[in-house]
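Here is the structure we will look at.
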Ligand SMILES: Nc1nc2c(c(=O)[nH]1)N[C@H]1C(S)=C(S)[C@@H](COP(=O)(O)OP(=O)(O)OC[C@H]3O[C@@H](n4cnc5c(=O)[nH]c(N)nc54)[C@H](O)[C@@H]3O)O[C@H]1N2
Ligand SMILES: Nc1nc2c(c(=O)[nH]1)N[C@H]1C(S)=C(S)[C@@H](COP(=O)(O)OP(=O)(O)OC[C@H]3O[C@@H](n4cnc5c(=O)[nH]c(N)nc54)[C@H](O)[C@@H]3O)O[C@H]1N2
Ligand code: SF4
Ligand code: SF4
Ligand code: SF4
Ligand code: SF4
Ligand code: SF4
Ligand SMILES: [Mo]
């Protein structure tokens, strides 16, 4: 097994072929997602991920439930008692069925990356976040550092895994497998700046049609100050928590200094305590 | 006799790459559907084992009548995959750090005369703690043989990384101090003392960085307590460091110094613990994470043990037998604190 | 866009991208379905409907068009038979309590004399352009559909009248010069005892709205398997030859007699002789001469209905020797599993070709009646005498060939990998089987062996596996003339100078070039991307596209232009049809052309009559010939219904096929507490077909839908005390099957004339072989056939549902009806169908054995291009 090992980039690198800086990502438009799970299967197929076992959860059509070390793209199904504007369901009380194809967000401020002690998590030349499997030692820090609950440690393999934005395909100038498989282009892949424009246009279009509840999630830096722009961002039809997305995700290292500061204070106290103790010990003589 | 009886049973022979083997699910049966004899397994996840996740998913019992939205929203952030080794390390490492600091203090204060029992036992505890702690830490890694990758990079944004460097420095210094500090060669002893002082300084972050580490995660229970966990952990480490020393008989001045430190540490621990709960009341889910369930029970136990340790330390100046008791309770309280915090998780997430 | 009887998004996700694109651009999507599916989630309006009542809903739309004068007047006037006057004596179901005039009770069939058009002395149909004649088609439509009011639709389908009005208003507004609307359907409409009439209703609706032959219009069958269209074309249907030519029957003594029967004097089918002779030339080559009727005698004749359910019954009666199954897993996908297995056990041999081990090949040991632990009268696999041969088949990526998609476009694919082990392609198997047979019979002079020896069989074999060349086969289908490959079916002759394996496909290899391999097309380009693959016939993408222009040949509107008449077009400047698509009309026929009296073939079609395949070139609002169950669609209840027919006493469709046998009991008593719920079946995106090549063997799909389950509403769950995720047992008169349950608001109880009807949804794609499982839900089904094409009715049966796992694993195939009839006589609810009693299955051998009379059913099934399977 050979894994490409990217070098650590703190800023966007130039595309090796064109010399142009490339910042790529996904714009996932849940309003055109049809919940077909082609993306989920394509991801497994391309990355040769194993199945998660067979168990019926009886939670709508969702039997893989969440992102994990072996499910890097997951389609969620939300049946709820709220309407979607402009849709008539004739099911008695208001109803709608929402779908979301979720994956790693490749955050601008990535909790997983900044907390990874080994440097296994790196930012690639495409400005995506990538775990180097030959570096990761399975310390599990990233698992608790992702505000979206994306990355996970595999119980037997021991390492942490998540969506690579198909780093190996990007290297070959190919579209990531999930986006390639998506029949409705609900997962649009491309240059980030373009995708952001596209998202704005689509949002305006939906608002024009009266779908007032449509909103972007993570498209722009100031939407989610805690992580800044997501490189895989979404158009949602309700508030993020409905989709099991955090309303205000914060990359934990944003606040790490608060921790260090309070530690410093405590340590000052402890040092003082030591001094006091020693002095009183001396006085005892 | 039916014709069936005269026929041999269907025999399935599966030469490599055969169709029958595929049909019998002989390859592809690892959940990857790739015939390894016909295709190269080079995908990113090719090495992962199948079926390892089943137990982790929502199952029937909790499914009935809940809406999917409710059900999934519990999973916004992932539970930590850390097992008991990690909180145990937190306790052991903290204890080691505080012990080393006390030892350094004693050295500077010149406590203990020639015997230097406080200095020496502090150093031994520091070394032992580092050794045990490192084993615990490595054991928890998914790929233990790659433990040294922690020191591959210097990543100040990662408390785990910073902590690893601290641990490495602290461990080295403790080892040098413990070994050379007893040398008869004066120069070597000097080196040992310098190392001891270094360990004493590094012992401070050793006692506290784990609190920063937990506070710098996306786990709501920890993140919301990010200003409190370092304080709690420092106090707890101090209590444990003192506790370990309380188990060892020393000269009266040394014992007094340790006792006073222990009393302060335990009082601080209890105070921080209360203050933290009070502060977290604004976010009831987070407060509940520390107040309810197993985490809550452990937290209560920790507080009781620490309070017991405090009381024992207070009386130990009069009642000698209370001294080791205080030490044991202090240590136990510190362990309980770490396990309690580790257990605290917020169910319906969002940071 | 109206999607009815199809789960477009789930079963055709790749095609659905265009629906989503249209929706993004502003198209309104209406989805009419018994359950809210992923398609509904992507629609603007979802209308829940009771299974098996679509004719009432579509009839309601037709009534809406007629009463609100929403039809496209110019289109209807010019292009349909709306003005034709029907013979005296025609009576409609309202007058005859549910039957049209002409029902012959003794024979359980219609005499269609009163359905015919009135003709004047010269034989011309009498028409009334003012639509006032009481017997003109428009008047009959008005009369017939007058009762299909929103209230009636509500009483039959359970659809709220206001919701119906909104849907009707939205859809019927998509009509006229500037607008079109399309209907998409699939097996949710076809798999009913009235499947054909369901689609016919759409035909009436779309003709009235002028939505046929026009861009953005049409009735789109979303066909099933990747190549089911190709399979039907060439064909796998028992009663057809390639290109939808009817197979000869035992009564067709010679070619002339056969052609006399099947060729039509006017319209497209007048060319039948050229097609048939060219087909025989392709099959028999030089051996086929005018003198020997082009080897017509070598071809087998139909002796009756040999469709699958007929054969299934025959097998159960021990009348079938052996069976070959290739690329189908009938044990799971065909109805009434235990009846099938009881038949399989009576076969002497069975040959199965498949990619994986499937239930069909394991019928002798898999199936509920083998359960050792229940009852003594279970079956011991050791007692099964059938010898089963399982051959490994090569999968689509392991062989070259073509897929014909739902738009009739052939798309060639190359071989990607060599098949593993002993796996071989269908082509390889057939070719080498035939080669061996020819060796065996090489010296025979026996006349009965001549078909084997006379056939042309000269395909190149290539490669290490001796794989016959698929290109050669395509070339044979595409046809040859004296000058090499043919370029259009117009070149076919009935004099033996041309050959073609399917007239429809002539041109696919024009100039020796494999056009199916072409891949030029600009996405988003207006028009038809004619260089992407090749569509039969003649690379036409939109059938009847002459109707996209007005009678004078001008596009109805600029926006909706597809082809049009160019006065100065054509090679000689004499005018031609031009545009974005290949014209489906004689290219040089001016709109002003009027046929001479007595003209034949397509010459009899005027320049403003777009429907070339019809004898009169007109869209058939009224069908005088060709249907066995009525000239107009009218509502009947499913064979197993939960409510009485609201319209008249005739409960079920009259001319259906049914098998009255102990091992095939029907539940025919509405309001019966034993089976109070309606079951409908369908697919999931995550599963495919019988599940053997997808979910049950591919773990990436298996994990997504890992177990057999049904879907019910919270109300039904409450009624029966069922918990989400728990076990339930589903019971029909044929079987009991246990499964898990998903309680979801996506299903809703409907109010149907004072009754509350609970629908249960069940994906049918599970079985006992493979890594995930559950019983095959088709165990629950019965065999019964639609009147025209004998399709099974598996989308609406009655069942009961109780919490808990199965208690008795009984099966009608071995145990007979699972419940005694209720006390007292079950109400006689309708006229009998065309029954096929035990031992009579349309199979001669069985009839001989039973000493019965010849079957009364003529063996002419009316499979139409585009019928969905
Ligand atoms: N993923 C996937 N795709 C497939 C297949 C597959 O197995 N899996 N199979 C392919 C094949 S072979 C075929 S034929 C096509 C079939 O394609 P579809 O016909 O679209 O598929 P189905 O799911 O069988 O049923 C269609 C819908 O009909 C509804 N329905 C049931 N009864 C009625 C009724 O009485 N009236 C109305 N209006 N609706 C009704 C069902 O609820 C269901 O939503 O799909 C093809 N595509
Ligand atoms: N209740 C209910 N029953 C239904 C339906 C329904 O809607 N409701 N739908 C019906 C419909 S429309 C259909 S089409 C059927 C589908 O029923 P089937 O056609 O029986 O289902 P598939 O699983 O598609 O079967 C195809 C088989 O062919 C094998 N195969 C694939 N490729 C090849 C090949 O190249 N060569 C050979 N020899 N084998 C190959 C596969 O492994 C698989 O076992 O189910 C029908 N049954
Ligand atoms: S979503 Fe989580 S795993 Fe992905 S980059 Fe952001 S923090 Fe890392
Ligand atoms: S588990 Fe691996 S990727 Fe995650 S933080 Fe640790 S070393 Fe980095
Ligand atoms: S980008 Fe690649 S790795 Fe990431 S979800 Fe898509 S297919 Fe999976
Ligand atoms: S492939 Fe596209 S449409 Fe299908 S579930 Fe994924 S995002 Fe949605
Ligand atoms: S399975 Fe094949 S034919 Fe069916 S939707 Fe997917 S790509 Fe199209
Ligand atoms: Mo089908």
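Worth a mention:
- Within the set B:171, B:181, B:196, B:200, the sole residue that is free of Cβ contacts under 8 Å to residues at least 60 places away in the same chain and out of contact with any strand residue (DSSP E or B) (no Cβ under 7 Å at 6 or more places or on another chain) turns out to be B:171.
So that you can scan it fast, the table gives a plain yes or no per residue for (1) in a loop (DSSP other than H, G, I, E, B); (2) in the same structural domain as residue B:327 (by TED's automatic domain parsing); (3) closer than 29 Å to residue A:257 by Cα:
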{"position": "B:108", "(1), (2), (3)": "no, yes, no"}
{"position": "B:111", "(1), (2), (3)": "yes, yes, no"}
{"position": "B:114", "(1), (2), (3)": "yes, yes, no"}
{"position": "B:120", "(1), (2), (3)": "no, yes, no"}
{"position": "B:150", "(1), (2), (3)": "no, yes, yes"}
{"position": "B:154", "(1), (2), (3)": "yes, yes, yes"}
{"position": "B:163", "(1), (2), (3)": "no, yes, yes"}
{"position": "B:171", "(1), (2), (3)": "no, yes, yes"}
{"position": "B:179", "(1), (2), (3)": "no, yes, no"}
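- Options B:100, B:109, B:104; residue that is modelled with pLDDT of 95 or more, facing chain A (nearest Cβ under 9 Å), over 18 Å from the mean Cα position of the chain (by Cα) and within 26 Å of residue B:263 (Cβ to Cβ): B:104
- For the criterion of being at negative phi, crowded, with 19+ Cβ neighbours inside 10 Å and modelled with pLDDT of 95 or more, residue B:169 fails.
- With respect to the conditions (1) within 16 Å of ligand 3 (Cβ to nearest atom); (2) part of a helix (DSSP H, G or I); (3) touching a helix residue (DSSP H, G or I) at 6+ places or on another chain (Cβ under 7 Å), residue A:226 falls short on a single one, namely (2).
- With respect to being within 15 Å of ligand 3 (Cβ to nearest atom) and assigned to a helix (DSSP H, G or I), residue A:113 fits the description.
- The single condition among (1) over 23 Å from residue C:788 (Cα atoms); (2) over 21 Å from the mean Cα position of the chain (by Cα); (3) modelled with pLDDT of 95 or more that residue C:325 does not satisfy is (2).
- For the range C:686-727, residues that are buried (at least 21 other Cβ atoms within 10 Å of the Cβ), more than 12 Å from chain A (Cβ to nearest Cβ) and under 15 Å from residue C:742 (Cα atoms) total 1.
- Taken over the range A:24-65, the criterion of being in a loop (DSSP other than H, G, I, E, B) and more than 14 Å from chain B (Cβ to nearest Cβ) is satisfied by A:33, A:34, A:36, A:37.
- Of the criteria (1) within 12 Å of ligand 5 (Cβ to nearest atom); (2) within 10 Å of another protein chain (Cβ to nearest Cβ); (3) surrounded by 24 or more Cβ atoms within 10 Å (Cβ to Cβ); (4) farther than 25 Å from residue C:17 by Cβ, which one residue A:139 fails: (1)
- For the range A:209-226, the condition of being facing another protein chain (nearest Cβ under 10 Å), modelled with pLDDT under 95 and away from ligand 6 (no atom under 15 Å from the Cβ) holds for at least one residue.
- Within the range C:750-784, the residues that satisfy the criterion of being out of contact with any helix residue (DSSP H, G or I) (no Cβ under 6 Å at 6 or more places or on another chain) and either in a strand (DSSP E or B) or outside the structural domain of residue C:673 (by the TED database) (or both) are C:750, C:751, C:752, C:755, C:756, C:757, C:759, C:760, C:761, C:763, C:773, C:784.
- Restricting the range A:97-110 to residues that are more than 9 Å from ligand 3 (Cβ to nearest atom) and in contact with a helix residue (DSSP H, G or I) (Cβ under 7 Å, 6 or more places away or on another chain), the residue that is nearest to residue A:171 (Cα to Cα) is A:101.
- Among residues of the range A:109-123 being more than 7 Å from chain B (Cβ to nearest Cβ) and closer than 15 Å to residue A:150 by Cα, the one that is farthest from ligand 1 (Cβ to nearest atom) is A:109.
- Residue match in the range A:66-80 (condition: over 25 Å from residue C:46 (Cβ atoms), at the interface with another protein chain (Cβ under 7 Å from one of its Cβ atoms), within 10 Å of ligand 5 (Cβ to nearest atom) and not in a loop (DSSP other than H, G, I, E, B)): no
- Some residue of the range A:170-179 being closer than 14 Å to residue A:73 by Cβ, crowded, with 18+ Cβ neighbours inside 10 Å and away from ligand 3 (no atom under 16 Å from the Cβ): yes
- Among the residues of the range A:158-184, those identified as part of a loop (DSSP other than H, G, I, E, B), within 16 Å of ligand 5 (Cβ to nearest atom) and over 12 Å from the mean Cα position of the chain (by Cα) are A:159, A:166, A:172, A:173, A:174, A:175, A:176, A:182, A:183, A:184.
- Contact annotation: residue pairs with Cβ atoms under 6 Å, 6 or more positions apart or on different chains, pairing a residue in the range C:217-234 that is away from chain A (no Cβ under 14 Å) with a partner that is away from ligand 5 (no atom under 16 Å from the Cβ) and assigned to a helix (DSSP H, G or I), are C:219/C:202; C:219/C:206; C:223/C:229; C:234/C:242.
- So residue C:25, is it modelled with pLDDT under 95, within 14 Å of another protein chain (Cβ to nearest Cβ) and either more than 16 Å from ligand 1 (Cβ to nearest atom) or within 25 Å of the chain's Cα centre (by Cα) (or both): yes
- Residue within the range C:612-630 that is closer than 13 Å to residue C:93 by Cβ, in a loop (DSSP other than H, G, I, E, B) and not assigned by the TED database to the domain that holds residue C:85 present: yes
- Subset of the range A:244-264 that is part of a helix (DSSP H, G or I) and more than 7 Å from chain B (Cβ to nearest Cβ) - its residue that is farthest from the chain's Cα centre (by Cα): A:264
For (1) touching a helix residue (DSSP H, G or I) at 6+ places or on another chain (Cβ under 8 Å); (2) within 16 Å of ligand 2 (Cβ to nearest atom); (3) modelled with pLDDT of 95 or more, each residue gets a yes or a no:
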position: C:45; (1), (2), (3): yes, no, yes
position: C:53; (1), (2), (3): yes, no, yes
position: C:72; (1), (2), (3): yes, no, yes
position: C:79; (1), (2), (3): yes, no, yes
position: C:100; (1), (2), (3): yes, no, yes
position: C:105; (1), (2), (3): no, no, no
position: C:108; (1), (2), (3): no, no, no
position: C:115; (1), (2), (3): no, no, yes
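- Hits in the range A:144-163 - residues which are within 13 Å of ligand 3 (Cβ to nearest atom), within 19 Å of residue B:44 (Cα to Cα) and either out of contact with any helix residue (DSSP H, G or I) (no Cβ under 8 Å at 6 or more places or on another chain) or more than 7 Å from every other protein chain (Cβ to nearest Cβ) (or both): A:150, A:151, A:160, A:161, A:162, A:163
The values are calculated or read from the model by the stated rules, or taken from the named source; none is laboratory data. Quick caveat, the model's predicted, so the values are computed rather than measured. Glycine also receives a Cβ, built like all others from the backbone with ideal geometry; neighbour counts cover every protein chain displayed.
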